[in-house]
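Student: Submitted below is the structure of interest, expressed as structure tokens.
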Amino acid sequence: MDLNRLKGHSSMIVAEVLWGLACPLGKVILAGGISPMLLTDCRMAGAALLFWLLTPFTKAEKVSRRDLAAMFFASLFGIVLNQCCFMWGLNLTSPVNASIITTALPIITMVMAALILREPVTRLKLGGVFLGAVGALILIAGSSADSASGASWGDILVLMSQLCFTCYLIFFKNIITRYSPVTLMKWMFTFAALCTVPFSYPEWLHMDWSAVEPVVLWGVVAYVVGPTFLSYLVLPVGQRCLRPTVTAMYNYVQPVVASFVAVWAGISGFTASNALAVVFVFTGVFLVTQSKSRADMERLAAK
């Protein structure tokens, strides 16, 4: 494995571990009196501030107006619509339902990559996505016996968030490769904050922050720094070095992280089904990484 691919895989693992912690942490914050819109605003504005503070320590890059426009739409799909739909959906549904629906991301991405980017759908890729989905669903099924069944507005919103993120993975790979992660994300989160904060301004004015428990406020800080700033800092590295389907496959790592957190917190034990699910997930990721890309197919055909 070359250095670029190693960087890509390492970056996606870090991002997915942080996102794996986001669902239970977000549910605690929402239960502590912070609304979905306010939490989303904190993420957008907080991450934008952190990326701008990091800018003086990175190489200066000039961004053209055309690329700024592209970053705006990348922000719209990859951050604004993705995060708003997810937070509102999480507020209306259970963490288990949300986790189940997020397993659709690699499947949706594989289909869209085949239709739009003409990436080949190989047996290895199909097998890897299937194994990853089975492993993730085993973990999720074992994490809660009382998950609600049937569609709800929360479930629909979480699914919409996955569709928006798939569009980001598929349509904006070119702009991602042109700029450093800090340059890319400082503009994307700035646009995201400009899109969300004005709509929730009255909510900020009427919010009684003094009534919020300190542990909840620290949870918001952790949410901004970890699953937002740090995860989006490393995400472009993974997108730059890996194919969209491979990037999306790492979504199956999130339930694995949630399962280990539950074991660590003493909420559940580590069972044989957990071990089997982890093997399924990482075998699936490995198979997808070994499948041939469109460029590989073209090189073989040219020989």
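Student: Do any residues in region 1-19 that are in contact (Cβ under 8 Å) with a residue 40 or more places away in the chain have Cβ atoms under 6 Å from those of residues that are aromatic (Phe, Trp, Tyr), where the two are at least six apart or on different chains, and which pairs are they?
Tutor: Within 6 Å, the pairs are MET12/TYR250; GLU16/TYR250.
Student: If we keep just the residues of region 117-128 that are hydrophobic (A, V, I, L, M, F, W, C) and at pLDDT below 75, which is farthest from PRO244 (Cα to Cα)?
Tutor: My answer is LEU124.
Student: Please give the number of the condition LEU53 fails out of (1) surrounded by 16 or more Cβ atoms within 10 Å (Cβ to Cβ); (2) outside any loop (DSSP other than H, G, I, E, B).
Tutor: Unmet condition: (1).
Student: Filtering region 174-185 down to residues that are crowded, with 20+ Cβ neighbours inside 10 Å and of a type outside the set (A, V, I, L, M), which residue is farthest from LEU242 (Cα to Cα)?
Tutor: THR183
Student: Would you check if PRO202 is surrounded by fewer than 20 Cβ atoms within 10 Å (Cβ to Cβ), at pLDDT below 95 and over 25 Å from LEU21 (Cβ atoms)?
Tutor: yes
Student: If I ask for residues that are at pLDDT 80 or above and in a helix (DSSP H, G or I), which ones from region 233-256 would you list?
Tutor: Answer for region 233-256, where residues must be at pLDDT 80 or above and in a helix (DSSP H, G or I): LEU233, VAL234, LEU235, PRO236, VAL237, GLY238, GLN239, ARG240, CYS241, THR247.
Student: Filter region 1-25 for residues that are out of contact with any helix residue (DSSP H, G or I) (no Cβ under 7 Å at 6 or more places or on another chain) and not hydroxyl-bearing (Ser, Thr, Tyr) and give the result.
Tutor: If the condition is that a residue be out of contact with any helix residue (DSSP H, G or I) (no Cβ under 7 Å at 6 or more places or on another chain) and not hydroxyl-bearing (Ser, Thr, Tyr), then MET1, ASP2, LEU3, LEU6, HIS9 are the ones that fit.
Student: Among (1) modelled with pLDDT under 90; (2) within 17 Å of the chain's Cα centre (by Cα); (3) not aliphatic (A, V, I, L, M), which single condition is SER75 missing?
Tutor: Exception for SER75: condition (1).
Student: Return the total of residues in region 205-216 being exposed (fewer than 15 other Cβ atoms within 10 Å of the Cβ) and at pLDDT 90 or above.
Tutor: So the answer is 3.
Student: Here is a follow-up. Out of the residues in region 8-37 that are touching a Phe, Trp or Tyr at 6+ places or on another chain (Cβ under 9 Å) and under 27 Å from TYR201 (Cβ atoms), state the one that is surrounded by the most Cβ atoms within 10 Å (Cβ to Cβ).
Tutor: Applying the filter and picking the extreme gives ILE29.
Student: Determine, yes or no, whether SER147 is farther than 19 Å from GLU16 by Cβ, at pLDDT 80 or above, touching a Ser or Thr at 6+ places or on another chain (Cβ under 7 Å) and surrounded by fewer than 21 Cβ atoms within 10 Å (Cβ to Cβ).
Tutor: So SER147 fails the test.
Student: So THR40 passes all but one of these: (1) surrounded by fewer than 18 Cβ atoms within 10 Å (Cβ to Cβ); (2) among the hydroxyl-bearing types (Ser, Thr, Tyr); (3) farther than 21 Å from ILE175 by Cβ. Which condition number does it fail?
Tutor: For THR40, the failing item is (1).
The values are calculated or read from the model by the stated rules, or taken from the named source; none is laboratory data. Note that the coordinates shown come from a computational prediction; the quantities given were computed from them, not determined experimentally. Glycine also receives a Cβ, built like all others from the backbone with ideal geometry; neighbour counts cover every protein chain displayed.
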